[in-house]
Amino acid sequence: MYKLNGKVTDEFDFYKGNDVFDLIAAYGSPLYVYNEEIIRKRCRELKNLVSYPNFLVQYSAKANTGLAFLQIVKSEGLHVDAMSPGEIYAELEAGFKSEDIFMISNNVSEAEMQFAIDRNILICVDSVEQLKQYGRLNPHSKVAIRFNGGIGAGHHEKVITAGKKTKFGVNPEYVPEVKNILKEYDLKLTGVQQHIGSLFMDADPYVNGSNAILDIAKQFDDLDFIDLGGGFGIPYKKQSDQPRLDLKECGKKLDECFAGFAKSYGKELTFRIEPGRYISAESSVLLTDVHCVKYNGPHKFAGTDIGFNVLVRPAMYDSHHDIEVYARQSRPVNEEEITVVGNICESGDIIAKDRLLPEIKAGDILGVLDAGAYGHSMSSNYNNRLRPAEVLIRENGDVVLTRKRDTLEQLLENYVKINI
Ligand code: LLP
């Protein structure tokens with residue numbers, strides 16, 4: 001293969017000598033390709049974020065719930081969060097123990113709450129009403145509460161999860177009511193949690209948000225932990241040399257925050273963070289065949305297998321993903337503006353609009369970078385398309401299949417035909 005603009009995957013040694021044309025020939029297009037070394041590296045970076053001793057990294061599994069992915073994260077010693085029985089099920093299958101899992105619920109049914117209670121999984125509730133529901137189901141036990149400290153941040157309105165405009169968390173004005181409910185059901189509030197939103201590239205919003213939850217935490221005198229949520233960003237524009245989040249600076253500010261709080265609280269407690277994207281995004285490149293290159297008036301389009309059923313982020317949040325172009329034969333690199341699209345019957349089915357890229361030809365393969373977070377986990381069967389296979393490049397360069405492509409039979413297996 002010839003990389004026409006392979007700077008980023010070269011720097012990471014992403015493919016470890018594997019040829020993308022062979023990978024697509026073996027596993028089909030589109031294909032999520034993961035790199036184990038990168039997953040492990042990101043886990044370790046965050047485990048070493050602060051020097052404060054009681055610190056726990058809890059991977060937010062919604063970013064990527066692949067079984068092999070979860071197994072790797074588990075083997076790095078991280079804990080994990082869960083939003084649903086489905087995530088808990090996958091996490092237990094991947095080897096996490098009940099005590100490693102923290103269910104951060106949002107508007108869950110009694111049955112879903114009971115699913116976690118039956119497995120001795122600690123639950124974090126995010127409304128007064130759901131605290132009562134929890135108390136009825138599991139009195140005389142431990143519980144955690146998600147608060148909304150009022151400070152939100154994120155890369156798009158849809159992923160800001162704190163502040164008065166969002167549905168998340170208990171507003172601090174309800175603290176007295178919370179205390180009454182805890183008493184009524186004999187519940188011990190073991191932890192408080194917040195998640196301000198997703199993708200910050202500068203430590204300040206996170207640290208400011210952390211101070212808001214610490215203020216709330218002070219109103220409860222026997223907590224075991226404070227969970228500051230996720231949101232740690234990755235540079236999606238590495239081809240334009242976007243700098244990384246400065247983890248050193250972030251860690252230093254958090255250390256100051258933790259030490260200050262621990263001193264005034266008078267009790268040792270654990271601080272937790274809950275990153276999803278930081279652990280998973282950069283570990284995957286999404287490969288696709290190019291089936292067609294065409295013009296509509298002045299606009300040039302490259303037609304690929306990556307519809308928004310495969311990667312929804314550009315369509316849903318206008319997200320940017322860098323793209324690399326791979327050819328079978330070497331050829332001169334002539335840059336031009338092109339819109340890269342998928343195969344779904346909607347005009348919003350766009351991966352990259354008017355992007356300056358090396359000239360693309362039918363028969364090339366494109367690599368969409370940083371696809372490991374909210375990529376496969378948000379994919380669907382829209383247009384009755386099959387969700388792609390996933391493969392993992394192991395640390396020694398071997399490639400293993402970690403998820404098979406959907407089959408046509410699976411598309412119909414839950415439907416029931418009627419008599420006509
Ligand atoms: N904790 C909670 C309670 C969350 O809701 C989330 C993400 C996280 C942790 C992890 O956030 P992260 O570290 O990954 O930023 N689909 C969107 C992102 C939605 C994030 C939802 N919650 C995207 O593709 O950008």
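We did not get these values from a lab; they are worked out from the coordinates using the rules stated. Note that this is a predicted model, so its numbers are computed, not measured. Glycine gets a Cβ as well: all are built from the backbone with ideal geometry, and neighbour counts include every protein chain shown.
Side notes on the structure shown:
- FRET efficiency for Q219 and S75, using Cβ-Cβ distance with R0 set to 51 Å, rounded to 0.05: 0.85
- Alpha-carbon centroids, segment 1-77 and segment 114-172: separation in whole Å: 30 Å
- Column: log10 I(q)/I(0), Debye, Cα scatterers of segment 36-278, q = 0.13 Å⁻¹: -0.77
- Sites count as exposed loop sites when they are GluC sites (Glu not before Pro), lie in a DSSP loop, and have at most 16 other Cβ atoms within 10 angstrom; the longest stretch of the chain without one is 1-267.
- Taking the alpha carbon gyration tensor of the chain, multiplying each eigenvalue by 5 and rooting it gives semi-axes of 41, 24, 20 Å, largest first.
- Structural descriptor for segment 112-204: relative contact order 34 percent, calculated from alpha carbon pairs under 8 angstrom and at least 6 residues apart.
- Segment 36-278, relative contact order [Cα under 8 Å, separation at least 6], %: 20 percent
- Violating pairs (Cα-Cα greater than 29 angstrom) within the set K3/K248; K16/K361; K41/K188: K3/K248; K41/K188
- Label-point gap, in nm, between S380 and E249 - each point 7 angstrom along Cα→Cβ: 3.9 nm
- Semi-axis lengths (Å, descending) of the ellipsoid that matches the C-alpha gyration tensor of segment 92-144: 19, 11, 10
- Scaled radius of gyration (Cα, divided by 2.2 N^0.38 Å) that segment 80-219 gives: 1.05
- For the chain, the relative contact order works out to 20 percent when only alpha carbon pairs closer than 8 Å and six or more residues apart are counted.
- Vicinal HN-Hα couplings computed from phi for segment 396-402 (Karplus, 6.51 cos²θ - 1.76 cosθ + 1.60; Hz; Gly/Pro x): 8, x, 5, 10, 10, 6, 10
- Backbone HN-Hα couplings from phi across segment 182-194 [Karplus 6.51/-1.76/1.60, Hz, Gly and Pro as x]: 4, 5, 4, 9, 6, 9, 9, 7, 8, x, 10, 9, 8
- Using the Cβ-Cβ distance between N180 and E11 with R0 = 56 Å, the FRET efficiency computed as 1/(1 + (r/R0)^6) comes to roughly 0.50.
- Rounded, prolate or oblate (a/c below 1.5 giving rounded, otherwise prolate when a/b exceeds b/c) for segment 265-420 by Cα gyration tensor: oblate
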